[in-house]
Amino acid sequence: MKVPAISLLAGTLFGAGLTISGMADPARVRAFLDLFGAWDPTLAFVMVGAMVPMAIAWLVQKRMPRPIVCEAFDLPGTSLLDAKLLGGASLFGIGWAIGGLCPGPALADLAIAPIEAGIFVAAMLAGMTAHRIITK
């Protein structure tokens, strides 16, 4: 029961941070990506501000023999840039620019703007399903 409660708390904190920072507002995201128009740099400050606690978390994690509520850390490996990574990153960026949302804010926006976010989430789930089918 401890792990689901911590996961729920972390997800709630993440969603609140996205909402408070403006990352869940598609108009603000589009303004951030509009470098040659009405550029809004506030999300750059949010991103830089997010790096500080993450850097601290990595330093703390290195000193821990194991996580508090799990048996072992499940950290992603590192790999070189390849076509799959570049293609996926490009598709993500295009979708982010068109929709003004990425997966985290889209899920948070289901509570704020369910119809608009629901369309995005449905398309996101369809893309995830297509990827799973194609890569098998």
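A short reminder: the numbers here are calculations on the coordinates, not readings from a lab. Since we're looking at a predicted model, the values are computed, not measured. With ideal geometry, Cβ positions are generated from the backbone for all residues, glycine too; neighbour counts draw on all protein chains shown.
Based on the Cα gyration tensor of the range 1-59, what are the three equivalent ellipsoid semi-axes, each the root of five times an eigenvalue, rounded to whole Å and given largest first?
Equivalent ellipsoid of the range 1-59: 28, 15, 6 Å, largest first.
Helix-only estimate, please: 222 nm mean residue ellipticity of the chain, summing -39500 (n - 2.57) across DSSP H runs of length 4 or more and dividing by its residues, to the nearest 500.
Calculated from helices alone, the mean residue ellipticity at 222 nm is -23000 deg cm²/dmol.
For the range 81-136, what is the convex hull (Cα atoms) projected area averaged across all directions, in square nanometres?
4.1
How large are Rg and Dmax for the range 2-134 when only the alpha carbon atoms are used, in Å?
For the range 2-134, the Cα radius of gyration and maximum Cα-Cα distance read 17.1, 50 Å.
At a Förster distance of 41 Å, what's the computed FRET efficiency of Ala126 paired with Arg63, Cβ-Cβ distance as r, to 0.05?
E(calc), rounded to 0.05, equals 0.45.
Going by how many other beta carbons lie within 10 Å of each one, how would you line up Cys102, Cys70, fewest first?
Fewest-to-most ranking of Cys102, Cys70: Cys70, Cys102.
With an 8 Å Cα cut-off and a minimum separation of 6 or more residues, compute the relative contact order for the chain in percent.
So the answer I get is 28 percent.
Can you give the extra length, in nm with one decimal, that the chain gains between Ile20 and Leu110 once fully stretched, where that is 0.36 nm per residue apart less the Cα-Cα distance?
Full extension from Ile20 to Leu110 adds 30.9 nm.
Based on Cβ point charges of +1 for Lys and Arg and -1 for Asp and Glu, what charge dipole magnitude is obtained for the chain about its Cα centre, in debye rounded to the nearest 20?
Dipole of the chain, to the nearest 20 debye: 460 debye.
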